[in-house]
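To start, the structure itself, in structure tokens.
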Amino acid sequence: MKLAEQNDSKMHSLKVILSTIMKHYPISRANLSEITSLNKATVSLQTNTLIENQLVSEIGVGVSNGGRKPILLVFNKNAGYAIGVELAANYIQTILSDLEGNLLFSDFFEFANESLEALKSILIDRIRLVTNHAPESPYGIIGIGVGVHGFVNEDQTVLYTPHSNWDKADIKNLLEAHFKFPVFIENEANAGAIGEKLYGAIKNSDNSIYISVGTGIGLAIMVNNQLYRGSGGVSGEMGHMTIEFNGKKCGCGNQGCWELYASERAFFTKLSRIKNGRELTLEKANKMIQENDGDILMEIEKFGYYFGVGLTNMIHTFNPDSIVLRSNLIEANPIILKSIKKTVSSRISRHIPLKSEILISQLNKNAVVLGAASFMIKKFLEDSKMVKE
């Protein structure tokens with residue numbers, strides 16, 4: 001066997017062993033050999049490499065099955081830490097995560113109408129704040145993942161942000177220059193979908209759709225457990241799907257876009273107009289719903305109708321196992337989900353069995369940041385350079 005092939009084989013077995021330890025720890029070397037079908041000599045050699053590089057440690061002995069008591073191995077989830085960021089139209093959320101996706105520290109910062117230049121310095125400050133909370137570890141900060149509300153192409157360039165002026169923003173190079181860590185930029189819905197797939201509502205779904213509802217509507221599609229990105233990396237922009245042929249003009253250039261009728265912004269704008277321009281917050285809306293305010297209950301029906309129309313289109317197109325919704329408004333008010341489901345049930349084709357589960361996000365506001373951090377964790381654990389020579 002050639003040297004290059006030997007190295008590839010060693011790296012493959014190393015990754016298999018590490019992945020198995022992460023899934024099954026605490027685990028003995030004998031059980032590792034049994035699960036991975038690798039011989040005991042290979043398992044012993046590679047686990048020693050992982051221990052030397054502080055990704056795995058021994059924690060004591062397990063129960064004997066007749067012979068010597070086995071030494072148990074565990075994954076060192078604190079070998080390094082990842083930063084996850086959600087860059088929204090009006091806020092930045094930043095978290096620190098260990099290598100298993102456990103949230104250790106979180107920072108939330110709201111802003112209004114900031115220029116791109118001002119926003120750059122704010123973003124750097126928020127990330128620096130979170131990095132300062134990372135404990136000492138063998139690998140330190142392993143990277144920064146950022147979920148951005150907008151069109152992000154395969155080169156990780158922010159092409160267009162419908163609700164702000166960050167077009168053609170090179171956030172990746174900006175952050176890598178300041179922090180010297182690897183950076184990955186992703187659309188926020190894609191990041192949220194990965195978060196829910198790894199840690200939340202769609203763990204057991206092979207084909208799923210993640211929809212974030214806020215200032216606009218973001219959507220991510222997962223096919224056979226992989227993100228569907230399209231030919232240029234900007235698939236899933238269904239917030240700009242036309243649902244009203246002669247509808248309102250959208251900032252994207254289209255008219256009658258779904259998010260003009262079924263986003264949280266659209267809901268609050270319409271309700272505020274009905275209430276004579278009163279400023280309406282989520283808390284006030286929740287209180288009005290609890291008090292059975294007639295105006296808000298009527299708007300919920302309209303919101304559920306428009307949202308359900310778009311959702312029916314998604315089900316007809318992709319036939320997913322499950323759909324997960326990430327929305328502060330919907331999560332706080334089950335009556336809205338009921339209205340959405342009613343519309344879907346009434347409009348779905350009778351030839352398509354309604355098997356798609358419509359679920360509420362389990363991670364809530366942390367879906368995007370945990371998903372963004374997970375991109376860096378995956379890259380770190382799969383990178384051959386993670387193992388020191």
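The values are calculated or read from the model by the stated rules, or taken from the named source; none is laboratory data. All values derive from a computational prediction rather than experimental measurement. No Cβ is skipped: glycine too gets one built from the backbone with ideal geometry, and neighbour counts run over all protein chains shown.
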List the pairs whose first member sits in the range 117-130 and is touching a residue at least 24 places away in the same chain (Cβ under 8 Å), whose second member is exposed (fewer than 14 other Cβ atoms within 10 Å of the Cβ) and basic (Lys, Arg), and whose Cβ atoms are under 9 Å apart, counting only residues at least 6 apart or on separate chains? none
On the given criteria, is Ser349 among the hydroxyl-bearing types (Ser, Thr, Tyr), without any contact (Cβ under 8 Å) to a residue 12 or more places away in the chain and in contact with a helix residue (DSSP H, G or I) (Cβ under 9 Å, 6 or more places away or on another chain)? no
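Determine whether Lys302 is over 24 Å from Ala201 (Cα atoms) and either in contact with a His (Cβ under 9 Å, 6 or more places away or on another chain) or surrounded by 12 or more Cβ atoms within 10 Å (Cβ to Cβ) (or both).
Values: over 24 Å from Ala201 (Cα atoms): yes; either in contact with a His (Cβ under 9 Å, 6 or more places away or on another chain) or surrounded by 12 or more Cβ atoms within 10 Å (Cβ to Cβ) (or both): yes.
Judged against the criteria, Lys302 is a match.
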Between a first residue in the range 270-296 that is assigned by TED's automatic domain parsing to the domain that holds Ile336 and a second residue that is of a type in the set (Lys, Arg), which pairs have beta carbons less than 7 Å apart while being 6 or more apart in sequence or on different chains? Ser272/Arg278; Asp295/Lys275
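Of all residues in the range 130-160 being part of a strand (DSSP E or B), at pLDDT 90 or above and not hydrophobic (A, V, I, L, M, F, W, C), which is surrounded by the most Cβ atoms within 10 Å (Cβ to Cβ)?
Filtering the range 130-160 down to residues part of a strand (DSSP E or B) leaves 141-148, 151-152, 158-160.
So of that shortlist, the ones also at pLDDT 90 or above come out as 141-148.
Now narrow it down to the ones that are not hydrophobic (A, V, I, L, M, F, W, C): 143, 145, 147.
On the way: Gly143: 25, Gly145: 30, Gly147: 32.
My answer is Gly147.
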Note down all Cβ pairs under 6 Å where the first residue falls in the range 209-238 and is more than 17 Å from Asn319 (Cα to Cα), the second is of a type in the set (A, V, I, L, M, F, W, C), and they're at least six residues apart or on different chains. Ser212/Ala189; Thr215/Ala89; Ile217/Trp258; Gly218/Ala189; Val234/Phe151
Can you tell me which of (1) at pLDDT below 95; (2) in the same structural domain as Arg265 (by TED's automatic domain parsing); (3) out of contact with any strand residue (DSSP E or B) (no Cβ under 8 Å at 6 or more places or on another chain); (4) surrounded by 14 or more Cβ atoms within 10 Å (Cβ to Cβ) is the one Ser339 doesn't meet? (1)
